[in-house]
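Some notes on the structure that comes next.
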Amino acid sequence: MNANAIKVAVVTGGGHGIGRALCRRLAADGVSVVVADIEGDAAKTVATEIGGVAKQLDVSDEKAIIELVKTIEADVGPIDLFISNAGVGFGDGESGAISTEGGMNPIDERWTVSWNVNVMAQVYAARAVVPRMLERGRGYIINVASAAGLLSQIGDSAYSATKHASVGFTEALAIDYGDAGIKVSVVCPQAVATRLIGMEDDSGATEGGFNGNEIDGIMQAEDVANIIIDQALEGRFMILTHPQVTTYMQRKTGNYDRWVGGMRKLRRSLAGKD
Ligand SMILES: NC(=O)c1ccc[n+]([C@@H]2O[C@H](COP(=O)([O-])OP(=O)(O)OC[C@H]3O[C@@H](n4cnc5c(N)ncnc54)[C@H](O)[C@@H]3O)[C@@H](O)[C@H]2O)c1
């Protein structure tokens, strides 16, 4: 990505957490940022702070995404960068991140919302914006998935499955449209101090997420956003904000069965059974 080529960017889920930090970083780089969030007030607060544009929408509503892209391209300018960052995670059971009662999340509503927000919203955004980017012969899509989309999120089967789907969809985008000038990246972080893992924005805390069950410590949203944009500028498809994820991936692909055994052991120890 050429930093000068990005004039207009949309960030979904820009009202809080990683999305908000991405909005701040892009604005500091001189980009006109559209802060899109289901929480209209949060989007407005961030947009006011950075001199951007706020849009309230539910990313899992395809009509709303189409309207967003149409309006922004007419009123602000061609979208050079679309970051599908909005995401949700509920945990398999009432205990949140670590479910000792087993996986499979029995609550259908959680599966539906996870699919729609973590996967279909990224599909809708790409369907709305890629044809316009193809006409211009350039454009950039960044989808925020998770390390749970490469490894697994113990205690959240819906999050793990949908984040794997996000990685798979984004790989397909990169393969299908790379030759036509569309840049594509997927972001796979481990724990970040945000509301998603039960922490407050700006808490600055480095432990206590996932009900105290985070594994390798917690990064701050600002640091993560800077790494995301820096690795995007380097032209990477796979953006890994937490270096240990590379090692875990190597171990997993090197010996899948051993990796599953290791994850079972980790689950037992997190559940206090080891
Ligand atoms: N925090 C972590 O540890 C972590 C780790 C890996 C990946 N991620 C991913 O990073 C992304 C950002 O999450 P975060 O950690 O900043 O969480 P967050 O909860 O702080 O932010 C998510 C934002 O998305 C918005 N949002 C949720 N549903 C929406 C919808 N239907 N339409 C529009 N906006 C919606 C929320 O209002 C919120 O502003 C997510 O995709 C998440 O899965 C987070």
Report summary line: Within the stretch 169-206, the residues that are exposed (fewer than 14 other Cβ atoms within 10 Å of the Cβ) and among the small types (Gly, Ala, Ser) are Ala172, Gly178, Ala180, Gly181, Gly204, Ala205
Query raised in the report: For Arg127, are the conditions met, namely being of a type outside the set (A, V, I, L, M, F, W, C), away from the ligand (no atom under 11 Å from the Cβ) and within 21 Å of Val31 (Cβ to Cβ)?
Result: no
Query raised in the report: Only one of (1) touching a residue at least 40 places away in the same chain (Cβ under 8 Å); (2) closer than 22 Å to Pro189 by Cα; (3) outside any helix (DSSP H, G or I) fails for Gly15. Which number is that?
Result: (1)
Query raised in the report: Can you spot a residue in the stretch 151-170 that is at pLDDT 95 or above, within 25 Å of Pro78 (Cβ to Cβ) and more than 9 Å from the ligand (Cβ to nearest atom)?
Result: yes
**Report entry** Positions within the stretch 180-235 being among the aliphatic types (A, V, I, L, M) and more than 21 Å from Leu150 (Cα to Cα), in sequence order
**Finding:** Ala180, Ile182, Met199, Ala205, Leu233
Requested in this report: Please determine, by comparing only the residues of the stretch 45-61 that are within 12 Å of the ligand (Cβ to nearest atom) and surrounded by fewer than 18 Cβ atoms within 10 Å (Cβ to Cβ), which one is nearest to Pro131 (Cα to Cα).
Outcome: Asp61
Report summary line: Of those in the stretch 87-146 that are farther than 26 Å from Leu270 by Cα and polar (S, T, N, Q), the residue modelled with the lowest pLDDT is Thr112
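The values are calculated or read from the model by the stated rules, or taken from the named source; none is laboratory data. Because the structure is predicted, anything quoted here is derived from the model rather than measured. No Cβ is skipped: glycine too gets one built from the backbone with ideal geometry, and neighbour counts run over all protein chains shown.
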